[in-house]
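Undergrad: Submitted below is the structure of interest, expressed as structure tokens.
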Amino acid sequence: MAYEEPVTDYDKIVENCTCAFCGSNCDDVDILVKDNHVVGVRHACRLGASKIMEDEDQRLTVPMVRDENGELVEVDWDTALDKAAELIAGSVRPVFYGWSETSIEAMKPGLELTELVGAVIDNQATICHGPTVQAVQNVGYPLMTLGEVKNRADMVVYTGSNPMNAHPRHLSRYTTIPKGWFRKRGRFDRTLVTWDPKYSDTAKLSDIWVPFEENGDYAFCNAIRAVLKGKKLKQDVISGIPKEDIYELTEKMKKAQFGALFFGLGLTHTLSKQRNIDIAIQLVQDLNKYTKWVLLPMRGHFNVNGFNIFMSYEMGFPYGVDFSRGYPRYMIGETTTIDLLNREECDVFMVIAADPGAHFPGGALAHLANIPVIQIDIHWGPSTELADVVLPGTFIGVETAGTSYRMDSVPIFMKKAIDPPETCREDEWIVNELLQRVKKLREASK
Amino acid sequence: MTYIEKPSISNVVKFEDPDVAKVERLTVMLNTGTDIYQGACKKRGSTLKDEYRKVAGVCYMDPKDMAKLGVGNWESVLVKSDWGEVVCYAAHSRDAPHEGMIFIPKGPWANVVVSPETYCCSDPTYKGIEATVEKTDKEVLLMADLMRDVYKKYVKEGEKTEELPSLGEIPVYKKIARSK
Ligand code: SF4
């Protein structure tokens, strides 16, 4: 990789900003600003830096509406908001999806709008850690904060997750590499373990790599649980792992002083889904008979956890909440976005701070081609190719301040470093405008 | 370095490997998920660009599997599953060996072949999908062209997407003429 000169040409440094990318929410990022533009980023990883140094060619700067030829046409804010409000007010089964890349502040009017029109509100958890949330409801949650792991953990296990690619500073800031109160030598005082069928970039750094078979996670965790309970393993090889290795690993896990298990989408996206997480949580419960173990899901977006916390607090349900009957209902597989799209139930889809075009399976996206789609986002992305009304938002954590929740549920206030482009509006303002306009339309039709 | 032309990958595919039997079509297990190149490009917002198709429209394969099909790095392969088919670049996987398994980073290309089935559990099945891979001469499409080709939301009746001009690498929309 070519050497790059450090950036020296800047007006000011805005210190201790929070990175608005992954669930690690690193809050030590310095942003270098010149003429109200970000010219450099310090301390962030490759992912964080690339998001903060955004691609201005593809920034959504003006509101747009599709014309009858299927082309997007720039319009003024009033026209775009009225069009969106009309679509929402006239819909029977609207779905408001996204919210994980915006602030808690923007979710508030969003929830009010959802209640008003009897919509379904859902976030990215529905396609990532939804099964985790279900498992937590099934069997509980031995939670900690990342600070505890940093100061105490002497064994760190990652499974179904590749933090070196998805949360690059997770190991170096919170879990494995930093020196902690009881782990004075940092990395040398900790054992890093990866359970993953692939020799992933995280596995390459690990002391122990357990390559169980694809879809073998359920049986593997159960085998460890059996050993913990003093049972003999009857098979010689379980999920591709020889039983001696399982005995040895279990012994190591029992001997740890403080162990932390982090799991990612490798567990929730394979066939056993929430049952995998049930078992992982129960494994940690079993380990606590011997020593201290905790676990944490590796949440993807910086505020995906925030939405679940916000919704649970306000409505009692974490995601996929349906207000069509006038009161909140939550039924996995029925009121969740992918299922609603698969069944072609929804008739207006609003996506805010998310990109279903890039992340939903084609089978579900096919329905978005049949119905009007409203997009509130900062970049022209795959979802814009399916959107009928586009409303440009502002960049939380860089252009707008707001609150988010880290993966371990610690709330963090993200400050702003620069002013947003003149023609863009804050998500909170946009959602509030939609709410007021839909209210007016409703009253007029009474 | 924020922008990249394409991810760096190793080049050790041995086509003459005597242990490798040539096949036309390979049955594999498809996995999807994030990858650092895809993440950086997507969240920066450069999804229309050629860079995005080089980081997300890629099928990472074991070099042995590539030798079986006779495909080299950055040549096109057609990936088919029960849910659709998509053309991707073949590339040597950093995590190899993993014969019989392919990895496509999450994104519009992977979406075409993953399963929307949630088994009543909200979460589609993005990993562990049966698929086949074969060599093809077709081009990997840019993001905007792929979305048009697959979902045809704004394609008029009778129009053939393969005959339409490419939508290109920058946003296209009608601007309001502003007086200066
Ligand atoms: S680890 Fe995550 S939060 Fe931290 S700088 Fe990287 S992308 Fe941002």
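Undergrad: Taking amide H positions as placed in the peptide plane 1.01 Å from N, state which residues far from residue A:196 in sequence (5 or more) or on other chains have amide H under 5 Å from it.
TA: So residue A:196 has HN proximity to A:210, A:212.
Undergrad: For peptide B:23-34, compute the average count of partner chain beta-carbon atoms within 10 Å of each residue's beta-carbon.
TA: 3
Undergrad: Ok, one more. Cα gyration tensor of the range A:130-297, axes a ≥ b ≥ c as square roots of the eigenvalues: rounded (a/c below 1.5), prolate (a/b > b/c) or oblate?
TA: Rounded, since a/c falls under 1.5.
Undergrad: Of the residues B:159, B:169, B:85, which exhibits the maximal mean-square fluctuation in a Gaussian network model of chain B defined by a 10 Å Cα contact cut-off?
TA: With Cα springs under 10 Å in chain B, the top fluctuation among B:159, B:169, B:85 is at B:159.
Undergrad: A further question follows. What whole-number distance in Å separates the alpha-carbon centres of the range A:18-47 and the range B:141-157?
TA: 35 Å
Undergrad: Okay, moving on. For the residue pair residue B:156 and residue A:419, what label-to-label distance in nm results when each label sits 7 Å from Cα along the Cα-to-beta-carbon direction?
TA: 4.4 nm
Undergrad: Here is a follow-up. Go ahead and set up a Gaussian network model of chain A, Cα springs under 10 Å, then flag whichever of A:188, A:263, A:212 fluctuates most.
TA: Its mean-square fluctuation being the largest, the pick is A:188.
Undergrad: Another question, if that's okay. Could you give the distance between the Cα centres of the range A:95-121 and the range A:380-446, to the whole Å?
TA: Rounded to whole Å, the Cα centres lie 10 Å apart.
Undergrad: Also, quick follow-up: Normalised by the number of residues in the range A:291-436, what is the relative contact order in percent for Cα pairs under 8 Å and 6+ residues apart?
TA: Contact order relative to length: 19 percent.
Undergrad: Which peptide among A:313-320, A:102-109, A:286-293 comes first, and what is the full order, when sorted by highest mean count of other Cβ atoms within 10 Å?
TA: In decreasing order of mean packing, A:313-320, A:102-109, A:286-293 become A:102-109, A:313-320, A:286-293.
Undergrad: Keeping all protein chains in place and using 1.4 angstrom, which order do A:54, A:68 fall into by accessible surface area, from largest down?
TA: I get A:68, A:54, largest accessible area first.
Undergrad: Dipole of the range A:130-297, Cα-centred, from +1 at each Lys and Arg C-beta and -1 at each Asp and Glu C-beta, to the nearest 20 debye?
TA: 660 debye
Undergrad: Just counting partner chain Cβ atoms within 10 Å, what average do the residues of peptide A:192-205 show around their Cβ?
TA: That works out to 3 on average.
Undergrad: Sticking with this one: When the dipole is taken about the Cα centre of the protein assembly as shown, and only Lys, Arg (+1) and Asp, Glu (-1) are charged at their Cβ, what size is it in debye, to the nearest 20?
TA: 2280 debye
Undergrad: Any idea of residue A:145's accessible area? Nearest 10 Å², probe 1.4 Å.
TA: 50 Å²
Undergrad: Let me ask something additional. Using θ = phi - 60° and the Karplus relation 6.51 cos²θ - 1.76 cosθ + 1.60, list the HN-Hα couplings for the range A:203-209 in order, rounded to whole Hz, with x at every Gly or Pro.
TA: Rounded to whole hertz, the list is 4, 5, 8, 7, 7, 10, 10.
Undergrad: Between residue B:149 and residue B:10, with labels modelled 7 Å along Cα→Cβ, what's the label distance in nm to one decimal, could you check?
TA: 3.1 nm
Undergrad: Sticking with this structure for a sec: So who's got an amide H within less than 5 Å of the one on residue B:128, skipping anything under 5 residues away but keeping other chains? H placed 1.01 Å off N, in plane.
TA: Counting only residues 5 or more places away or on other chains, the set is B:30, B:31, B:32.
Undergrad: Now, a different point. Where a ≥ b ≥ c are the square roots of the eigenvalues of the C-alpha gyration tensor, would you call the range B:25-163 rounded, which needs a/c under 1.5, or, failing that, prolate if a/b is larger than b/c, or oblate?
TA: rounded
Undergrad: Oh, and also: Could you tell me which residue out of A:24, A:44, A:14 lies farthest along the dipole of the range A:12-52 toward its positive end? Charges go on the beta carbon: Lys and Arg +1, Asp and Glu -1, centred on the Cα centre.
TA: In the range A:12-52, that residue is A:44.
Undergrad: Heavy atoms only, probe 1.4 Å: what % of the accessible area of the range A:130-297 goes to carbon and sulfur, would you let me know?
TA: The C+S portion of the solvent-accessible surface of the range A:130-297 is 53 percent.
Undergrad: Per-residue HN-Hα couplings for the range A:25-36, Karplus 6.51 cos²θ - 1.76 cosθ + 1.60 at θ = phi - 60°, whole Hz, x for Gly and Pro?
TA: For the range A:25-36, the Karplus-derived couplings read 5, 4, 10, 10, 8, 9, 10, 8, 10, 9, 6, 6 Hz, x marking Gly and Pro.
Undergrad: For a paramagnetic label modelled at 7 Å from the Cα of residue A:59 toward its Cβ, which residues of the range A:417-438 fall within the zone defined by backbone nitrogen distances under 16 Å?
TA: A:417-427
Undergrad: I would also like to ask the following. When we measure straight from the Cα of residue A:292, which lysines land under 17 angstrom away, once same-chain ones fewer than 8 places off are left out?
TA: Candidates past the 8-residue exclusion: A:150, A:229, A:252, A:254, A:255.
Undergrad: I'd like to know which of A:175, A:63, A:372 lies farthest towards the positive end of the charge dipole of the protein assembly as shown, counting +1 on Cβ of Lys and Arg and -1 on Cβ of Asp and Glu.
TA: In the protein assembly as shown, that residue is A:175.
Undergrad: Using the Karplus equation 6.51 cos²θ - 1.76 cosθ + 1.60 (θ = phi - 60°), what ³J(HN,Hα) coupling, rounded to whole Hz, does each residue of the range B:165-172 give in order, writing x for Gly and Pro?
TA: x, 4, 7, x, 10, 10, x, 10
Undergrad: Running a GNM on chain B with Cα contacts under 10 Å, which residue among B:60, B:119, B:89 ends up with the highest mean-square fluctuation?
TA: Result for chain B, Cα springs under 10 Å: B:119 fluctuates most.
Undergrad: Still on this structure, please answer the following. Compute accessible area for the range A:145-178 by itself and then with all protein chains, 1.4 Å probe, and report residues whose area falls by 50 Å² or more.
TA: Buried by the other chains: A:165.
Undergrad: Right, next: If you add up the charges near residue A:287, with Lys and Arg at +1 and Asp and Glu at -1, over every other residue whose beta carbon is less than 10 angstrom from its beta carbon, what do you get?
TA: +3
Undergrad: In addition: Which is farthest toward the positive dipole end of the range A:130-297 among A:205, A:281, A:149, measuring Cα position about the Cα centre, with Cβ charges +1 (Lys, Arg) and -1 (Asp, Glu)?
TA: Result: A:149.
Undergrad: What FRET efficiency comes out for the pair residue A:329/residue B:136, r = Cβ-Cβ distance, R0 = 41 Å, nearest 0.05?
TA: 0.30
Undergrad: How about the range A:161-249: which trypsin sites (Lys or Arg not before Pro) there lie in a loop by DSSP and see at most 14 other Cβ atoms within 10 Å?
TA: A:179, A:184, A:185, A:229, A:231, A:232, A:234
Undergrad: Let me ask something additional. Taking amide H positions as placed 1.01 Å from N in the peptide plane, with prolines and chain starts having none, which residues 5 or more places from residue A:155, or on another chain, fall under 5 Å of its amide H?
TA: A:191, A:258, A:260
Undergrad: What is the sum of charges, Lys and Arg at +1 and Asp and Glu at -1, for the other residues whose Cβ falls under 10 Å from the Cβ of residue A:242?
TA: With Lys, Arg at +1 and Asp, Glu at -1, the neighbours total -3.
Undergrad: Charges at C-beta only: +1 for Lys and Arg, -1 for Asp and Glu. How large is the resulting dipole of chain B about its Cα centre, in Debye rounded to 20?
TA: Here the size comes out at about 1160 debye.
Undergrad: Using a cut-off of 12 Å between beta-carbons, work out the net charge of the residues near residue A:103 (Lys and Arg +1, Asp and Glu -1, residue A:103 not included).
TA: Summing Lys and Arg as +1 and Asp and Glu as -1 gives -3.
Undergrad: Quick one: buried accessible area between B and A, total over both chains, 1.4 angstrom probe, nearest 100 Å²?
TA: About 5800 Å² of accessible surface is lost on pairing.
Undergrad: Please work out the average accessible area per residue across the protein assembly as shown, using the 1.4 Å probe convention, and give it in Å².
TA: Dividing the accessible area of the protein assembly as shown by its residue count gives 39 Å².
Undergrad: Averaged over A:57-67, how many beta carbons belonging to a partner chain fall within 10 Å of each residue's beta carbon?
TA: Counting Cβ atoms of other protein chains within 10 Å of each residue's Cβ and averaging gives 3.
Undergrad: Calculate for chain A the 222 nm mean residue ellipticity that helices alone would give, adding -39,500 (n - 2.57) per DSSP H run of length 4 or more and normalising by residue count, nearest 500 deg cm²/dmol.
TA: -9500 deg cm²/dmol
The values are calculated or read from the model by the stated rules, or taken from the named source; none is laboratory data. Here the structure is a predicted model, which means the values were calculated and not measured. Don't worry about glycine lacking a Cβ; one is built from the backbone with ideal geometry, like all the others, and counts go over all protein chains shown. Keep in mind that these areas ignore ligands, DNA and RNA; they rest on the heavy atoms of the full protein, side chains included. Shrake-Rupley method; radii C 1.70, N 1.55, O 1.52, S 1.80 Å.
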